[in-house]
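As structure tokens, the structure follows; a few thoughts come after it.
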Amino acid sequence: MTELEQYIRSYFGIPAAELAKIADLFRPALLRKGDYFIRSGGSCDKLSFIRSGSLRIFVTQADKEVTQWISTKGYFVTDLSALLFQTPCRWNIQALSDTELYTIGSKEYREIGTHVPQWHELEKLFIARCFTILEDRIFSHLSMTAEERYDAFFASHKELFNQVPLQYLASMLGMTPETLSRIRKKQLP
């Protein structure tokens, strides 16, 4: 069973036969470090599951880059709005390291319901899970101090601090690189 199948089974609990039908629609893909998965303003015709590596989701505004998220092993990645509504991509998604993916095209994604009768219910659960994660991130930005956001993120994503440039993590956490450095220095014994 692939990592993709394990993820789908653990989160959605679907029977093995239907799990195999969904997994068969995904194809292995590789992005080299620095390659783009999608670019802002372009189209998005795929959804991928990260088998290994990391991708940065960001936008460039007024001569600065704002990192929305760092996606790593076990996460799905796409510009959901662009994928579902065929609007131009809002985000750039770029490989921070060589990244192995399982990718499904938008056409195949739309056809999952013909292979798996309960797909529409599962899709609602998937999108609800995405929405809940987004709500939690918004709440943390509104209710936590920079240090509390750092502590919470560090507790659950410690490995990223050795793999990802700190300015990207600072941006994602809503702080300047200098603030992140001060917090890190304070945390060290």
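The values are calculated or read from the model by the stated rules, or taken from the named source; none is laboratory data. In this text the structure is predicted, and so the values were computed from the model without any measurement. Positions of Cβ are generated from backbone atoms using ideal geometry, with glycine treated the same way; all protein chains shown enter the neighbour counts. For accessibility, only protein heavy atoms count, side chains too; no ligands or nucleic acids. Shrake-Rupley method; radii C 1.70, N 1.55, O 1.52, S 1.80 Å.
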Practice item. State which residue pairs qualify: first residue of a type in the set (Ser, Thr, Tyr) and inside the range 112-141, second residue in a helix (DSSP H, G or I) in any location, beta carbons under 7 Å apart, and separation of 6 or more residues or different chains. Key: 140/149; 140/152
Check your understanding: Among the residues of the range 71-83, is there at least one that is open to solvent by 20 Å² or more (accessible area, probe 1.4 Å) and of a type in the set (Phe, Trp, Tyr)?
Key -> yes
Study note, to complete from the structure: Picking from 14, 8, the residue that is in contact (Cβ under 8 Å) with a residue 60 or more places away in the chain, open to solvent by less than 30 Å² (accessible area, probe 1.4 Å) and not basic (Lys, Arg) would be 14
Practice item. Sort through 39, 51, 32 and tell me the only one that's crowded, with 17+ Cβ neighbours inside 10 Å, farther than 13 Å from residue 104 by Cα and either touching a strand residue (DSSP E or B) at 6+ places or on another chain (Cβ under 9 Å) or acidic (Asp, Glu) (or both). Key: 51
